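Contents: one structure, followed by commentary.
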Amino acid sequence: MRTLESDPGEPPVDLRKVGAHPDHWYPLAWSHEVKRGGVFASSFAGEPIAVVRPEQGEIFALEDRCAHRQVPLSKGVVQNCRLRCGYHGWSYDASGQCVDVPYLGRAKLPNGVRSYPCCERDGVVLVWPGGSPATPPPPTLGAAADKDYKTARYGGIVNGHYTFMHENLMDMHHQFLHRRNVGNASPKYLGKRSGDGWMEVDYSFRRLEKPPLGEALIVGLLRGASSVPRDLMTIRTEYPYQTVRFWASAENPVMSVWACYTPVDAVQRKNRTYIVFSVLRPKIPGALELAWPFIMRFVNRIFDEDEEMVAMEQWAYDVQGGDWNQEVFPVIRELRELLAKSGVAG
């Protein structure tokens with residue numbers, strides 16, 4: 001079995017057994033999934049979490065297990081600012097405290113359940129699953145809060161370890177995978193920068209043919225000539241998030257992407273990918289709205305291909321009983337070291 005290189009005398013690190021570090025803000029739902037007066041069942045690395053939006057008051061998150069019989073609280077009922085278990089009616093407030101047992105009274109209330117710091121940013125519900133005090137959440141996700149951009153949110157369950165997702169996006173040499181959708185694109189590695197808990201890589205793209213419609217609409221080739229032509233894509237992993245920015249001119253990026261891969265199961269062989277995708281609005285009013293269905297069809301096809309390939313990487317890992325990858329690109333070798341250092345070793 002081939003593994004990450006480690007210091008002499010230290011055991012090798014299998015990156016696919018490195019868990020996502022819980023001391024960060026992770027997306028657990030899209031805002032629209034948590035209805036007013038409703039509850040949404042989610043999880044982080046096998047830990048079930050119920051996200052609750054009361055009719056009045058702020059959204060909150062609780063351990064998705066009733067303290068009584070351990071059944072999911074997400075099967076319960078939201079009443080006022082409390083979540084009531086659907087089995088025996090035990091009631092919990094936003095702090096997780098059990099505040100009412102209908103047949104017991106309030107004199108001898110049992111212990112409650114764990115609560116999690118919870119907030120919303122740009123259409124995404126973020127939860128802090130860690131044990132340490134929560135740091136301030138991200139102020140915004142990519143360019144979603146910028147009115148100069150039009151934003152879509154997409155993603156889904158991917159049958160692969162979250163580290164495969166980081167590697168997939170960071171290594172633009174995998175564009176051969178997307179040849180049916182992007183044509184003959186030849187990425188050129190320009191350089192990288194790194195620091196504590198982050199690294200970013202620059203690429204340019206050389207084309208020998210006209211780009212497909214979806215890509216052309218994104219980079220602005222159908223909007224007319226930009227003031228100063230530019231060809232730069234910067235991909236950044238700032239643990240546990242990834243971002244992509246693409247410039248077609250020396251002005252604002254024409255594309256901005258924020259992504260996070262929340263582990264779903266306890267062994268972290270599966271993640272729910274959240275992507276916040278923003279495109280700069282052109283000067284022609286309404287042009288982006290007309291082009292949007294073509295753009296989204298294009299980006300969803302790309303995501304589907306990546307999802308399928310990552311799932312096959314995970315399948316190979318499981319069948320082979322370990323990580324046999326022979327990674328030769330120095331950028332990905334450094335990224336793997338960053339992910340191993342930032343996560344929780346299994």
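Provide the packing ranking of 139-146, 188-195, i.e. peptides ordered by the mean count of other C-beta atoms within 10 Å per residue, highest first.
For the peptides 139-146, 188-195, the packing ranking is 139-146, 188-195.
Expressed as a whole percent, the proportion of Cα-Cα pairs in segment 22-164 lying more than 20 Å apart is 50%. Among residues other than D146 with Cβ under 14 Å from its Cβ, the summed charge is +2 (Lys and Arg +1, Asp and Glu -1). When the Cα positions of P133, M165, F176 are compared along the charge dipole of segment 119-176, P133 comes out farthest toward the positive end, with charges on each C-beta of Lys, Arg, Asp and Glu.
Using θ = phi - 60° in the Karplus curve 6.51 cos²θ - 1.76 cosθ + 1.60, the 3J(HN,Hα) couplings for segment 146-151 round to 8, 5, 6, 10, 9, 10 Hz; x is entered for Gly and Pro. The modelled label-to-label distance for the pair D318/Y103, using points 7 Å beyond Cα in the direction of Cβ, is 4.2 nm.
Simple point charges give the picture: +1 on the Cβ of Lys and Arg, -1 on the Cβ of Asp and Glu, and for segment 41-99 a dipole about the Cα centre of about 220 debye. Peptides 62-73, 176-187, 252-263 ranked from most to least packed give 252-263, 62-73, 176-187, packing being the mean of other C-beta atoms within 10 angstrom over each peptide's residues. Length gained on full extension, C81 to H68, computed as 0.36 nm times the residue gap minus the Cα-Cα distance: 2.7 nm. Dipole magnitude for segment 149-345: about 800 debye, using +1 per Lys or Arg Cβ and -1 per Asp or Glu Cβ, origin at the Cα centre. Label-to-label distance, E58 versus S186, with points set 7 angstrom from Cα along the beta-carbon direction: 5.4 nm. Volume per residue of the convex hull around the Cα atoms, evaluated for segment 149-345, comes out as 120 Å³.
Here, segment 36-117 is characterised by an Rg to Rh ratio of 0.94, where Rg is the alpha-carbon radius of gyration and Rh the Kirkwood radius.
Look at the alpha carbon pairs under 8 Å that are at least 6 residues apart: their mean separation over the length of segment 36-117 gives a relative contact order of 23 percent.
Listed by number, the DSSP H helices of the chain that run 20 Å or longer by alpha-carbon position along their axis and have mean Kyte hydropathy of at least -0.5 are 287-320.
Shape verdict for the chain, please, from the Cα gyration tensor: rounded (a/c under 1.5), prolate (a/b greater than b/c) or oblate.
Taking the square roots of the gyration eigenvalues as a ≥ b ≥ c, the chain is oblate.
Only the coordinates and a few stated rules stand behind these numbers; no lab work does. Keep in mind that this is a model prediction, so the values were computed, not measured. When we count neighbours, we look across all protein chains shown, and the Cβ atoms used for this are built from the backbone with ideal geometry, even at glycine.
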